[in-house]
Amino acid sequence: MSNWQSDYLTLHTRLRQARQSKRLTQAGAGERIGVCERTYRDFEAGRTDLPAAVVFRLAHLLGIKIIISDGVIADGVD
């Protein structure tokens, strides 16, 4: 598995965990970001992709900050 695939799976896992901790159903999360339950379920399972804007909307909804990096790792990233 390549590095980007590992990162992608980590993203899906963290989004699912955050959704569950906020007690949101997949249908509820999908509705709040403008996609149907099936699309959201497939995204969370890694079977389909969502446009970047929708992923960022979801992350915001769940209180997750997505950090875009040029590969430089820094300590104390806020």
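The values are calculated or read from the model by the stated rules, or taken from the named source; none is laboratory data. The structure displayed is predicted, hence computed values, not measured ones. Cβ atoms come from the backbone with ideal geometry, glycine included; neighbour counts cover every protein chain shown.
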Practice task
Please find, among ALA59, ALA27, ALA45, ALA53, the residue that is surrounded by 10 or more Cβ atoms within 10 Å (Cβ to Cβ) and at pLDDT 95 or above.
Solution key: ALA27
Exercise for the section: Being without any contact (Cβ under 8 Å) to a residue 12 or more places away in the chain and farther than 22 Å from SER69 by Cβ is the filter; apply it to the stretch 1-23 and report the residue that is surrounded by the most Cβ atoms within 10 Å (Cβ to Cβ). Expected result: GLN20
